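Heads up: the structure comes next, in structure tokens.
The values are calculated or read from the model by the stated rules, or taken from the named source; none is laboratory data. The model shown is predicted, which means the values in this text are computed figures rather than measured ones. Positions of Cβ are backbone-derived with ideal geometry, glycine not excepted, and every protein chain shown enters the neighbour counts. These area figures cover heavy atoms from the full protein model, side chains too; ligands, DNA and RNA do not enter into them. Shrake-Rupley method; radii C 1.70, N 1.55, O 1.52, S 1.80 Å.
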Amino acid sequence: MLKALLIDLDGVIYQAEELIPGAEKTLEWLRAEQIPHLFVTNTTSRPRSAIVDKLANLGVEVSPDQILTPAVAVSFWLEEKKPESIALFLPDATREELAPFRKLEARIESQATAVIVGDLGAGWGFPELNRAFRLLMANPDSQLVALGMTRYWRTADGLQLDVGPFVKALELASERKALVFGKPACMFFQQALQRLGVQPSEALMVGDDIRGDVGGAQACGLKGALVRTGKFQKSDLEGDIVPDVVLTSFADLPAHWNSLL
């Protein structure tokens, strides 16, 4: 029996600067029913504090410890591995999650023991991508770390590339396999489940990404629910990944959950 929920944010709870219709009532239902849940997002363009502020502006109160991001997940890994120096390819705001660790200056192209790549958005260009490549090639023992492998996301003006395509370019050029912290990596889902104290078979992942959310969750032993909001496209239902349930939106979650009971 399902006991807990992992919930994506962008495209599920909100899109651009508006809540998905009915999302607020579903969140109230979650709290009233005391269903364990955690918000899991591949967002690397902002820290948890900014996500909390955005939700507050939309009328949703959430604490930072209810949110798991790739940057938070990788900080636990860094605490354990204690690399000598790291090179960050992240927006300035997200760097606060990794404040305790020693970082290389932007002009240095060697000496990195970990090259950490997130969603730079319009900040990407040839110099940035080539510097990440040079850092990897300068040290055969350096670890390429990806804060998610999301292919794209939906902005107010249309679809936009996310971190995945840039990580793939670095993998190809350096012949290095990235260590992924973020959906669809099982390590990320496992961290979320540990926080909730449940087994994979006891959790349902709700998301708008057929591969990162649904496929990733299913590959790690969870159930996957796909919502028809956010980046959802009809072609998502024609591929090799079959969601355990398809919901019109997050607003339909209570009815589905109660039907399972």
Inset, instruction - Output the number of residues of the range 3-18 satisfying the condition of being touching a helix residue (DSSP H, G or I) at 6+ places or on another chain (Cβ under 9 Å) and open to solvent by 30 Å² or more (accessible area, probe 1.4 Å). - result: 2
Inset, instruction - Name the strands (runs of 3 or more DSSP E) wholly inside the range 181-252 in which the number of residues that are surrounded by 21 or more Cβ atoms within 10 Å (Cβ to Cβ) is 1 or more. - result: 203-207, 223-227
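Quick grid of which residues meet (1) open to solvent by less than 10 Å² (accessible area, probe 1.4 Å); (2) within 24 Å of Ala225 (Cβ to Cβ); (3) not polar (S, T, N, Q):
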{"site": "Gln34", "(1), (2), (3)": "no, yes, no"}
{"site": "Thr43", "(1), (2), (3)": "no, yes, no"}
{"site": "Ala71", "(1), (2), (3)": "yes, no, yes"}
{"site": "Phe76", "(1), (2), (3)": "no, no, yes"}
Inset, instruction - Out of Phe89, Phe166, Phe133, report the one residue that is touching a residue at least 24 places away in the same chain (Cβ under 8 Å), under 26 Å from Val12 (Cβ atoms) and of a type in the set (Phe, Trp, Tyr). - result: Phe166
Inset, instruction - Kindly check whether there is at least one residue in the range 90-103 that is within 16 Å of the chain's Cα centre (by Cα), open to solvent by less than 40 Å² (accessible area, probe 1.4 Å), closer than 30 Å to Ala23 by Cβ and among the β-branched types (Val, Ile, Thr). - result: yes
Legend entry - Where a residue in the range 247-261 is in contact (Cβ under 8 Å) with a residue 60 or more places away in the chain and its partner, wherever it lies, is open to solvent by less than 20 Å² (accessible area, probe 1.4 Å) and in a loop (DSSP other than H, G, I, E, B), with Cβ under 7 Å and at least six apart: Ser249/Ile20; Phe250/Val12; Phe250/Ile13; Phe250/Ile20
